[in-house]
2 protein chains.
Amino acid sequence: MTNSNNRRQQLLEVAATCFYREGYDAASMRLIAEQAGMRTASIYYHFESKDALLVAVHEEALHRIQEAVNAALMDVKGEWNRLEAACAAHLEMLLTGGTFFKAVMRHVPSAVEGRELIFKLRDDYERIFADLIADLELSPETDRGTLRLMLLGAMNWTFTWWRPHEGPAPAVLAFRFVTNLRSCLDLPA
Amino acid sequence: MTNSNNRRQQLLEVAATCFYREGYDAASMRLIAEQAGMRTASIYYHFESKDALLVAVHEEALHRIQEAVNAALMDVKGEWNRLEAACAAHLEMLLTGGTFFKAVMRHVPSAVEGRELIFKLRDDYERIFADLIADLELSPETDRGTLRLMLLGAMNWTFTWWRPHEGPAPAVLAFRFVTNLRSCLDLPA
DNA sequence: AGTTTTCTAACGAACGTCCGTTATTGTAAC
DNA sequence: GTTACAATAACGGACGTTCGTTAGAAAACT
């Protein structure tokens, strides 16, 4: 039981890394198995298909990041501060929280069973940011939808260029992103 | 000769659409051929390999978008206005300029020959924005690198959610993106 | 306690399918 | 009749998946 869950978990981790590094199609079951130190057929004891493996990776990743962001939001006061805290947690997970979250950023081929579920999970998670932005006091001509997508775009794009020990730390990045928007969009007190 | 170039061009267009819609791996030569109305093997008269086809799509796309942005920049005065004009042209091409540019946004598998060339082409193009941002007069604590990546991220991420007849027009999007940053980062005159 | 049965976790081998690619042949135009 | 282009047919290999089997642990029964 415990051993089984450990193995399943390890398999999930390895699969996430492969999906991230190679993309879904190029991440073959043979590669995943090899990286996990088992034979290809043995994967099917833990997951019924490659598609199910991908869905499981997404479920795990989005569950974790949702919890991390919610935890980071506790006891933070002020609408802009809350947005920045959420961004920091988001970037922390995406850039330094393991390969799970980078795998989520990759393209999901149209033939994957469970594609709609994956999209739904993504949408559910992003609703956190819609709520945080809804709480901001903004000038009436500012479009909140565009603002949310702009911020999420800036954040999610980081995984294409950010490298450890090179770019700014995730928290610094979050500060800069939010600050670049904050002082100009915030209403004069 | 002319006929050949037409056919080659059509093939390129079809391939770009397939690469965008399915991703590189799932876009099989058989699918591309079918969509182009020819037999699979006939593609190899025009392109020596699938990898070469992908590289050609990237070359064409990045050449076109570079020209479009440069053209949009002619006769535009004012540093922020120039940045906005470049963003509008970039988004116009990405969102309504055909599938070429969306194909460029997709993941390039690590086994693709010419991968480095593709990355170099992308980097060369993005240098336009580095130059435009270098021209801005900003408060000294504003990091120009972060600003560039933030703006490019916001723009390039649009292709994951923007749909025709739904989201704001590309030019409107460009205006909002730049405006969200402009008034707060610009130095008081 | 000892025996029988069931479950866990993995194995090697194979299946049918699809992949990118090639050698060869056909055909239309100049 | 050569050249430009496209079609036929096939190749070797990789893919996801399924199969039958097995060693060992756990559970159930006697």
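Read-outs: derived from the displayed coordinates by stated rules, not from any lab. Not measured: the values here are computed from a predicted model. Note that we place each Cβ from the backbone using ideal geometry, even for glycine, and neighbour counts take in every protein chain shown.
Stokes-Einstein, applied to the Kirkwood radius of region B:1-119 over Cα pairs at a viscosity of 1.002 mPa s and 20 °C, places its translational diffusion at 140 µm² s⁻¹. Scaled against the 2.2 N^0.38 Å expected of a compact globular protein of N residues, the Cα radius of gyration of the protein assembly as shown reads 1.05.
Scaling the Cα radius of gyration of region B:50-185 by the globular reference 2.2 N^0.38 Å produces a ratio of 1.08. The angle between the Cα long axis of helix B:144-161 and the main principal axis of chain B comes to about 50°, on a 0 to 90 degree scale. Ascending distances from the B:E126 label point to its copies in the other chains, with the point 7 Å along the Cα-to-beta-carbon line: 2.0 nm. Estimated from the Cβ-Cβ distance and a Förster radius of 22 angstrom, the FRET efficiency linking A:E166 and B:A130 is about 0.85.
A label point on B:S42, set 7 Å along the Cα-to-Cβ line, lies at 4.9 nm from each of its counterparts in the other copies, closest listed first. Counting only residues at least eight positions apart within a chain, or on another chain, the lysines with an alpha carbon under 30 Å from that of A:K50 are A:K102, A:K120, B:K50, B:K102.
Backbone phi angles across region A:64-81, fed through the Karplus curve with coefficients 6.51, -1.76 and 1.60 (θ = phi - 60°), yield HN-Hα couplings of 5, 5, 4, 5, 5, 5, 4, 5, 5, 7, 5, 6, 8, 10, x, 4, 5, 5 Hz in residue order; Gly and Pro are listed as x. Reported to the nearest whole Å, the Cα centre-to-centre distance from region A:77-155 to region B:57-75 is 30. Label positions at B:E48 and A:D75, each projected 7 Å from the Cα along the C-beta direction, are separated by 6.4 nm.
Inter-copy label distances at A:M74, using a point 7 Å along Cα-to-Cβ, come to 6.1 nm with the shortest given first. Only helical runs count toward this figure. For chain B, summing -39,500 (n - 2.57) over DSSP H runs of n ≥ 4 and dividing by all residues gives -23500 deg cm²/dmol at 222 nm. Diffusion coefficient of region B:126-174 by Stokes-Einstein, Kirkwood radius over Cα pairs, 4 °C, 1.567 mPa s: 105 µm²/s.
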